[in-house]
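Step one of this worksheet: look at the structure below.
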Amino acid sequence: MVWVAVVLAVLGAFFLALGAQRQGSAVKADTGGLALSSNGLLRLVRNPRWVFGLLLLGAGMMCNMVALVSAPLTVVQPIGAIALVITTIVNSKDQGITINRPTVVAITACVTGSALFVLLAVNATLENHDVAVDQELAIVLLLALAVGVFGSLAALFRHRMSAFVYILGAGVLFGFVAVLTRIIGRDLVDPNGLFLLNVQWYSLVAIAAAGGLGSWFVQSAYSAGPPDLVIAGLTVVDPIVGIGIGITILGELRPDVPAVLAVAMVVAAVIAIVGVIALSRHHPEVAKRRKEAAREVRGGPGPGGAPHTGR
């Protein structure tokens, strides 16, 4: 059964990578690097490439869900990190981009840091099957704060937000969504037989709000940066946030965890986050966009030699 889970996890990584690349190229072609608008999102829904990417992402998520049920987290979760490598390779071929050394180092830091963090966290935590109502409410309130903060940033600085901020917000929001989804799933299968009556209404509202804003952030990140940055954020930030919630709110940290293991988890998380930051700054596509923006400001010639208007 473990080998089946491994195959599903690998397939899930491929689906996620290809789906992100398809959606990323569709958004980039539609927006031309500008901020995504509500009208633009409606156009994307009618774009076959974007819809195909959405189907691939859905297939990837389903494969990962089945894999997580069929095998330990230590086996499945690190495999998902290879989606970043696959996305980078596929996107570089599709866009004709040569991957530079800083990008390789950044991706290595993302994959190594996130995989090491998950492996260490599994040895340092115990899953809490009995989530109290006040713990669930605390998670929802923190998520409401996160939605308020990132929603305000999107409203106030939508045309000036970087791809890193978009994907950081998406990773944080989907990390909360993953935790609440797990809690709701346990409520539905509770042996008391109440099913939906066990589920707190505010958790459903919180998931809907966070999922909607997080999805908007992902699509906006596609318009502001490469798809591999999106995958990097989701495969790094999401699990770190989810495990952090489990430790700080749900009390899943084992009481006998050595201090050196806790420090190692922090170091691994920092390495992964630094990798995402470096990727958002040194990726060839990001650097290209930065140069084109600077050329627009100066009113200099564009890539084809034609002068820009500077507007």
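Only one residue in Gly148, Gly171 is assigned to a helix (DSSP H, G or I), of a type outside the set (A, V, I, L, M) and either modelled with pLDDT under 90 or in contact with a helix residue (DSSP H, G or I) (Cβ under 7 Å, 6 or more places away or on another chain) (or both). Which one?
Going through Gly148, Gly171 in turn, the sole match is Gly171.
Name the one entry in Asp190, Asp228 that is within 25 Å of Ile82 (Cα to Cα) and of a type in the set (D, E, K, R).
It is Asp228.
I need a count of the residues in region 30-66 that are more than 20 Å from Val76 (Cα to Cα) and in contact with a Lys or Arg (Cβ under 8 Å, 6 or more places away or on another chain).
7
Quick check on region 207-233: of everything there that is of a type in the set (A, V, I, L, M) and buried (at least 24 other Cβ atoms within 10 Å of the Cβ), which residue is modelled with the highest pLDDT? Before the answer, list the steps.
We begin by selecting, within region 207-233, every residue of a type in the set (A, V, I, L, M); these are 207-210, 213, 218, 221, 224, 229-232.
This time we only want the ones that are buried (at least 24 other Cβ atoms within 10 Å of the Cβ), so: 210, 218, 221, 224, 229-232.
Details: Ala210: 94, Val218: 89, Ala221: 86, Ala224: 78, Leu229: 84, Val230: 86, Ile231: 87, Ala232: 84.
The extreme case among them is Ala210.
Say whether the condition of being more than 19 Å from Gly225 (Cα to Cα), modelled with pLDDT under 80 and part of a helix (DSSP H, G or I) is met by at least one residue in region 19-40.
The answer is yes; a qualifying residue exists.
Identify, from the list Leu229, Leu250, the residue that is outside any helix (DSSP H, G or I) and in contact (Cβ under 8 Å) with a residue 40 or more places away in the chain.
None of the other options fit; the residue is Leu250.
Taking interchain pairs and intrachain pairs at least six residues apart, which have beta carbon atoms under 8 angstrom, with the first residue in region 102-122 and farther than 21 Å from Val263 by Cα and the second polar (S, T, N, Q)?
Close Cβ pairs (under 8 Å, with a partner that is polar (S, T, N, Q)) amount to Thr103/Thr88; Ile107/Thr88.
Taking region 158-215 as the region of interest, how many residues are more than 18 Å from Leu250 (Cβ to Cβ) and of a type in the set (D, E, K, R)?
2
So which of Thr74, Thr98 is at pLDDT 80 or above and either buried (at least 23 other Cβ atoms within 10 Å of the Cβ) or over 13 Å from Leu11 (Cα atoms) (or both)? Explain how you work it out, then say what you get.
Numbers: Thr74 fails: at pLDDT 80 or above.
Every option except Thr98 fails the conditions.
Mind checking which residues of region 141-162 are within 25 Å of Trp201 (Cβ to Cβ) and of a type in the set (Gly, Ala, Ser)?
Scanning region 141-162 gives Ala144, Ala146, Gly148, Gly151, Ser152.
Is at least one residue of region 180-194 crowded, with 16+ Cβ neighbours inside 10 Å, assigned to a helix (DSSP H, G or I) and in contact (Cβ under 8 Å) with a residue 60 or more places away in the chain?
Within region 180-194, none of the residues are crowded, with 16+ Cβ neighbours inside 10 Å, assigned to a helix (DSSP H, G or I) and in contact (Cβ under 8 Å) with a residue 60 or more places away in the chain.
I need every pair where a residue in region 58-74 that is closer than 15 Å to Pro239 by Cβ has its Cβ under 6 Å from the Cβ of a residue that is modelled with pLDDT under 75 and buried (at least 17 other Cβ atoms within 10 Å of the Cβ), sequence separation at least 6 or different chains.
If the second residue must be modelled with pLDDT under 75 and buried (at least 17 other Cβ atoms within 10 Å of the Cβ), the pairs left are Ala67/Val76; Leu68/Val76.
Which of the numbered conditions does Gly169 fail, given that it passes all the others? Conditions: (1) closer than 18 Å to Val199 by Cβ; (2) free of Cβ contacts under 8 Å to residues at least 60 places away in the same chain.
It is condition (1) that Gly169 fails.
For region 124-135, state whether one or more residues are surrounded by 17 or more Cβ atoms within 10 Å (Cβ to Cβ) and of a type in the set (Asp, Glu).
The answer is no; no qualifying residue exists.
Do you know which of the residues in region 149-169 that are more than 12 Å from Gly225 (Cβ to Cβ) and hydrophobic (A, V, I, L, M, F, W, C) is surrounded by the fewest Cβ atoms within 10 Å (Cβ to Cβ)?
Among them, the one singled out is Ala155.
Please determine, by comparing only the residues of region 195-214 that are among the small types (Gly, Ala, Ser) and in contact (Cβ under 8 Å) with a residue 24 or more places away in the chain, which one is farthest from Gly233 (Cα to Cα).
Residue satisfying both the conditions and the ranking: Ser203.
If I ask for residues that are part of a helix (DSSP H, G or I) and more than 17 Å from the chain's Cα centre (by Cα), which ones from region 109-128 would you list?
Residues satisfying the conditions are Leu116, Leu119, Leu120, Ala121, Val122, Asn123, Ala124.
So how many residues does region 136-190 have that are basic (Lys, Arg) and more than 26 Å from Leu279 (Cβ to Cβ)?
2
Looking at the structure I just gave you, is Gly242 without any contact (Cβ under 8 Å) to a residue 60 or more places away in the chain, of a type in the set (Gly, Ala, Ser) and in a helix (DSSP H, G or I)?
On the way: without any contact (Cβ under 8 Å) to a residue 60 or more places away in the chain: no; of a type in the set (Gly, Ala, Ser): yes; in a helix (DSSP H, G or I): yes.
Answer is no for this residue.
The values are calculated or read from the model by the stated rules, or taken from the named source; none is laboratory data. The structure displayed is predicted, hence computed values, not measured ones. Glycine gets a Cβ as well: all are built from the backbone with ideal geometry, and neighbour counts include every protein chain shown.
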